[in-house]
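Colleague: Below is the structure I would like to discuss, written out as structure tokens.
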Amino acid sequence: MTNHKIIVSLADRSYPVIVGSGVSDQLQDLLPKTAKRVAIVTQENIPLKLDLEIENTTITIGNGEQHKNLQTIQLISEKFAKFGLTRSDVVIGVGGGMVTDVAGFAAASWHRGTAVIHLPTTLVGMVDAAIGGKTGVNLEQGKNLVGAFWQPTAVICDVDSLKTLPERETRCGLGEVAKYHFLTGDDLLALEMTQRIARCVQIKAEIVSADEREQGGRAVLNYGHTLAHALERSSSFALAHGEAVAIGMIFAAHLAHSMKRIDDHRLAYHYKVIRDIYRLGVEVPKTIKRTDLISFMRLDKKAINGLTFVLDGNNSIEVVSGVDEKYIDQAFDAMQVL
């Protein structure tokens, strides 16, 4: 099995993403030369144990999105202080996207910026969350509303971590993989898993390198995410992120269709890819109300000029602001959301 090395090009802050089997063994060589201590942020039952040659401590945080909050950042920071972590040391996030988001934000905040390395152990983490420097935590009002851009110094995607991944977690990852399918048209499912992850990383690396702080083109990485985040919140996170993204892309397709940005054929293509090829769910749970979803979507980070979505169209996928609520209702009607 071939290992892959993809560079996220950001001038003097460029960093490698290593993808392959057993590549976690490379961690020691990727630690900053200044580091004398390592703080590992992880969760219980993460199938990846680190063997480091320098002083280290492990900080275990709770499982589930309910722990992705400022209280967890405070807990981590207090443990950093007790351990004596300095700005010259390094934080390592080991786990899924929730862990890398939290570890990254804690590192960005500690002493106003301490190096962080991510070792994602889920498919979502490897193809999306751990790469690109977006970190953050949730508030009651919405997902990822508090955070920072803080690029890691390296990301290590050891595919051996995926061997024990539950089937649902794999499906969740496929929600993000399907997103890249629409961004590029690549037949990603035709690739072996390591190649598939590497290709997704390459796509994201190119987009992030061109627009690090989401001032333009990077926003297309949020395809399906406006509704997805609202679904996660409305379901109290009973819907996992990748599951919500799949439904969110179907909604975005219906919304684009209502606005006459895409035709019937393109709408049907979304169902073919997401439901038939990737075998992901495409329906909003009947217990979730559209009024709740719209309320959460109004709090989305992109909603600067009214309701804002990433939508398909003649100019490919792009950000569209100021969307009239009548089109949103038409899309929900088509999806039979109450």
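Values quoted throughout were computed directly from the atomic coordinates according to the rules given, and no laboratory measurement underlies them. Keep in mind it's a predicted model, so treat the numbers as computed, not measured. Neighbour counts are summed over all protein chains in view; Cβ atoms, including those assigned to glycine, are modelled from backbone coordinates with ideal geometry.
Colleague: As I understand it, the dipole of segment 223-334 uses +1 on the Cβ of Lys and Arg and -1 on the Cβ of Asp and Glu, about the Cα centre. Which of SER321, ALA230, ALA240 lies farthest toward its positive end?
Modeller: Selected residue: ALA240.
Colleague: Contour minus end-to-end for ALA148 and ASN314, with contour as 0.36 nm per residue of separation and end-to-end as the Cα-Cα distance?
Modeller: Values: separation 166, 0.36 × 166 = 59.76 nm, distance 3.29 nm.
Full-extension gain reported as 56.5 nm.
Colleague: Then there is this: Most mobile of VAL94, VAL282, VAL201 per a Gaussian network model of the chain (Cα springs, under 10 Å)?
Modeller: Greatest mean-square fluctuation among the candidates belongs to VAL282.
Colleague: Taking neighbour Cβ counts within 10 Å as the exposure measure, how do ASP276, ASP89, ASP12, ASP329 sort from fewest upward?
Modeller: Values: ASP276 10, ASP89 25, ASP12 4, ASP329 14.
Placing the least packed residue first, the sequence is ASP12, ASP276, ASP329, ASP89.
Colleague: Which one of TYR278, HIS265, GLY136 is farthest out on the positive end of the charge dipole of the chain, using unit charges on Cβ (Lys, Arg +1; Asp, Glu -1) and the Cα centre as origin?
Modeller: Most positive-ward Cα: GLY136.
Colleague: Taking other Cβ within 10 Å of each residue's Cβ, how do LYS289, LYS68 sort, fewest first?
Modeller: Details: LYS289 14, LYS68 23.
Listed from fewest to most nearby Cβ atoms, that is LYS289, LYS68.
Colleague: Something else now. Taking 0.36 nm per residue of separation and subtracting the Cα-Cα distance, what length does fully extending LYS272 through ASP25 add? Don't skip to the end; give the middle numbers.
Modeller: Values: separation 247, 0.36 × 247 = 88.92 nm, distance 3.97 nm.
Once the chain is fully extended between LYS272 and ASP25, it gains 84.9 nm.
Colleague: Zone of LYS33 (label point 7 Å along Cα→Cβ, backbone N under 20 Å): which residues in segment 94-120?
Modeller: Those under the cut-off are 114-117.
Colleague: Right, next: Volume per residue, Å³, of the convex hull around the alpha-carbon atoms of the chain?
Modeller: 123 Å³
Colleague: A further question on this structure: Quick one: net charge around THR34, please, counting Lys, Arg +1 and Asp, Glu -1 for every other residue with C-beta under 12 Å from its C-beta.
Modeller: Neighbour charge sum, excluding THR34 itself: +3.
Colleague: With only Lys, Arg, Asp and Glu charged, each at its Cβ (+1 for the first two, -1 for the last two), find how big the charge dipole of the chain is about the Cα centre; round to the nearest 20 debye.
Modeller: With only Lys, Arg, Asp and Glu charged at Cβ, the dipole is about 480 debye.
Colleague: Have a look at LEU27, GLN202, ASN63 and report the one farthest towards the positive end of the charge dipole of the chain, computed about the Cα centre with Cβ charges (Lys/Arg +1, Asp/Glu -1).
Modeller: ASN63
Colleague: Let me ask something additional. Of the candidates ASN138, ASN69, ASN305, which one comes out as most mobile in a Gaussian network treatment of the chain with C-alpha springs shorter than 10 Å?
Modeller: Maximum among the listed residues: ASN305.
Colleague: Which value, in debye to the nearest 20, gives the size of the charge dipole of segment 18-138 about its Cα centre, when Lys and Arg are +1 and Asp and Glu are -1 at the Cβ? Numbers along the way, then the final one.
Modeller: Values: 10 positive and 11 negative charges, 84 e Å.
In total the dipole reaches around 400 debye.
Colleague: Now a separate question. What does the highest-first list of 50-62, 227-239 look like by mean Cβ count within 10 Å?
Modeller: Details: 50-62: 14.4, 227-239: 22.2.
By packing density, highest mean first, the sequence is 227-239, 50-62.
Colleague: Ignoring everything except DSSP H segments at least 4 long, calculate the 222 nm mean residue ellipticity for the chain; use -39,500 (n - 2.57) per segment, divide by total residues, nearest 500.
Modeller: Details: 10 runs with 122 residues, N = 338.
Rounded to the nearest 500, it is -11500 deg cm²/dmol.
Colleague: Turning to a different aspect of this structure: Which percent, nearest 5, of DSSP beta bridges in the chain are antiparallel?
Modeller: Working: 13 of 35 bridges.
So the antiparallel bridges in the chain amount to around 35 percent.
Colleague: Starting from 0.36 nm per residue, how many nanometres of slack lie between MET193 and ALA210 once their C-alpha separation is accounted for? Please list the in-between numbers first.
Modeller: Details: separation 17, 0.36 × 17 = 6.12 nm, distance 2.61 nm.
Going from the current span to full extension adds 3.5 nm.
Colleague: If R0 is 51 Å, what FRET efficiency do you get for THR57 and ASP264 from their C-beta distance, rounded to 0.05? Write down the numbers at each step before the final one.
Modeller: Numbers: r = 57 Å, r/R0 = 1.12.
With R0 = 51 Å, the Cβ-Cβ based efficiency is 0.35.
Colleague: Nothing charged except the Cβ atoms of Lys and Arg (+1) and of Asp and Glu (-1): what's the magnitude of the dipole of segment 96-223 about its Cα centre? Round to the nearest 20 debye. Walk me through the numbers on the way to the answer.
Modeller: Details: 12 positive and 15 negative charges, 44 e Å.
That gives a dipole near 220 debye.
Colleague: Hey, another quick one. Determine, from the Cβ-Cβ distance of GLU140 and THR86 and an R0 of 51 Å, the FRET efficiency 1/(1 + (r/R0)^6), rounded to the nearest 0.05. Write out the running numbers ahead of the final one.
Modeller: Details: r = 34 Å, r/R0 = 0.66.
Step by step, r from the Cβ atoms, then E = 0.90.
Colleague: Hey, in the GNM for the chain with a 10 angstrom Cα cutoff, which one of THR194, THR100, THR226 fluctuates hardest?
Modeller: Checking each option, the largest mean-square fluctuation is seen for THR194.
Colleague: Can you pull out the GluC sites (Glu not before Pro) in segment 278-338 whose DSSP state is coil and whose Cβ has at most 14 other Cβ atoms within 10 Å?
Modeller: Sites meeting the loop and neighbour criteria: GLU283.
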